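Here is the structure we will look at.
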Amino acid sequence: MMLDNDRLDIVVNSVITGLGTLKKTGVRGITILNPPLEIHPVFHYLHKKNKALIPRLESVLKKMEKTGRIRKVQEKITETLKKRTFILE
């Protein structure tokens with residue numbers, strides 16, 4: 001992998017995806033920038049055969065956003081991955 005062979009100085013990725021990659025590859029000594037360079041919203045996609053699920057899914061996601069549940073889940077996943085990877089803070 002280019003990162004652990006000292007071929008890259010920086011990788012731009014989402015925190016959760018990046019931590020998952022570090023966990024899978026075992027690369028050590030990575031620093032996560034905080035605050036992030038940029039923040040972008042994430043969009044969910046469904047296959048057209050599941051079109052009927054859109055109203056229900058949209059309702060649940062809006063409720064989760066309003067109550068802060070999405071943020072809590074993201075924080076829990078991030079903290080769990082940080083404990084299982086070898087990153088520098």
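The values are calculated or read from the model by the stated rules, or taken from the named source; none is laboratory data. Because the structure is a prediction, the values reported are computed rather than measured. Methodologically, a virtual Cβ is constructed for each residue, glycine included, from the backbone with ideal geometry; neighbour enumeration extends over all protein chains shown. Only protein heavy atoms, including side chains, enter the accessible area calculation; ligands, DNA and RNA are left aside. Shrake-Rupley method; radii C 1.70, N 1.55, O 1.52, S 1.80 Å.
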**OP:** Would you kindly work out the equivalent ellipsoid of the chain from its C-alpha gyration tensor and give its semi-axes, the square roots of five times the eigenvalues, largest first in whole Å?
**Re:** 31, 16, 12
Subject >> Inter-label distance for V11 and I39, nm, one decimal - labels placed 7 Å from Cα along Cα-to-Cβ >> reply: 2.4
Original post:
Once the piece of chain linking V60 and H47 is laid out straight, how much longer is it, given 0.36 nm per residue of separation minus the C-alpha distance between them?
Top reply: 2.9 nm
Original post:
For the range 23-89, what is the accessible area per residue in Å², given a 1.4 Å probe and the full set of protein chains?
Top reply: 96
Subject >> Heavy-atom accessible surface of the chain: percent carbon and sulfur, 1.4 Å >> reply: 56
**OP:** Return the lysines within reach of K66: Cα separation strictly under 18 angstrom, same-chain partners fewer than 8 residues apart disregarded; answer none if there are no such residues.
**Re:** K76
**OP:** Using only Cα atoms, find the angle between the long axis of helix 15-25 and the longest principal axis of the chain, and express it within 0 to 90 degrees, rounded to the nearest 10.
**Re:** 50
Original post:
Here are some pairs, K24/K51; K24/K83; K24/K48; K48/K72; which of them have Cα atoms lying more than 23 Å apart in this structure?
Top reply: K24/K51; K24/K48; K48/K72
Original post:
Toward the positive end of the charge dipole of the chain, about the Cα centre and with charges on Cβ (Lys, Arg +1; Asp, Glu -1), which of P36, V11, L81 goes farthest?
Top reply: L81
Subject >> Nearest 10 degrees, 0 to 90: helix 69-83 Cα axis against the chain principal axis >> reply: 20
